[in-house]
Amino acid sequence: MVRIRIQELLDERGKSGYRLYMQLGVSYQCFQRMRDNQVRSISLKNIDALRQIFGCTPNDLFLFTDGTA
């Protein structure tokens, strides 16, 4: 299972969700779904934007689990 770590990265870096939402340029509903891990896919454009905003690699954006938890 793959999880996107948006909320964790926001907390670690002390950034607000609203500011990230504005920087991404997506609808608020889309942003909330990404933040809450309720998306089935994410565009490369959004991955690249998140990577640039957080100053991290794509590996830092995602958490890979075995899916049993």
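The values are calculated or read from the model by the stated rules, or taken from the named source; none is laboratory data. Keep in mind that this is a model prediction, so the values were computed, not measured. In this analysis, Cβ positions are derived from the backbone assuming ideal geometry, glycine residues included, and neighbour counts consider all displayed protein chains. We work out accessible area using only protein heavy atoms, side chains counted, and drop any ligands, DNA or RNA first. Shrake-Rupley method; radii C 1.70, N 1.55, O 1.52, S 1.80 Å.
Within region 24-32, can one find any residue that is assigned to a helix (DSSP H, G or I), hydroxyl-bearing (Ser, Thr, Tyr) and free of Cβ contacts under 8 Å to residues at least 60 places away in the same chain? Taking every residue of region 24-32 in turn, at least one turns out to be assigned to a helix (DSSP H, G or I), hydroxyl-bearing (Ser, Thr, Tyr) and free of Cβ contacts under 8 Å to residues at least 60 places away in the same chain. Of the set (1) in a helix (DSSP H, G or I); (2) open to solvent by 90 Å² or more (accessible area, probe 1.4 Å), all apply to ASP66 but (1).
From LEU24, LEU9, LEU61, which residue is out of contact with any His (no Cβ under 7 Å at 6 or more places or on another chain), surrounded by 11 or more Cβ atoms within 10 Å (Cβ to Cβ) and modelled with pLDDT under 95? First the steps, then the outcome.
Working: LEU9 fails: modelled with pLDDT under 95; LEU61 fails: modelled with pLDDT under 95.
Within the list LEU24, LEU9, LEU61, the selection yields LEU24.
Taking the criterion of being open to solvent by 30 Å² or more (accessible area, probe 1.4 Å), of a type in the set (S, T, N, Q) and in a helix (DSSP H, G or I), the only residue of region 33-58 that qualifies is GLN52. Could you list, in sequence order, the residues of region 33-69 that are on the phi > 0 side of the Ramachandran plot, free of Cβ contacts under 8 Å to residues at least 40 places away in the same chain and among the small types (Gly, Ala, Ser)? Of everything in region 33-69, just one residue is on the phi > 0 side of the Ramachandran plot, free of Cβ contacts under 8 Å to residues at least 40 places away in the same chain and among the small types (Gly, Ala, Ser), namely GLY55.
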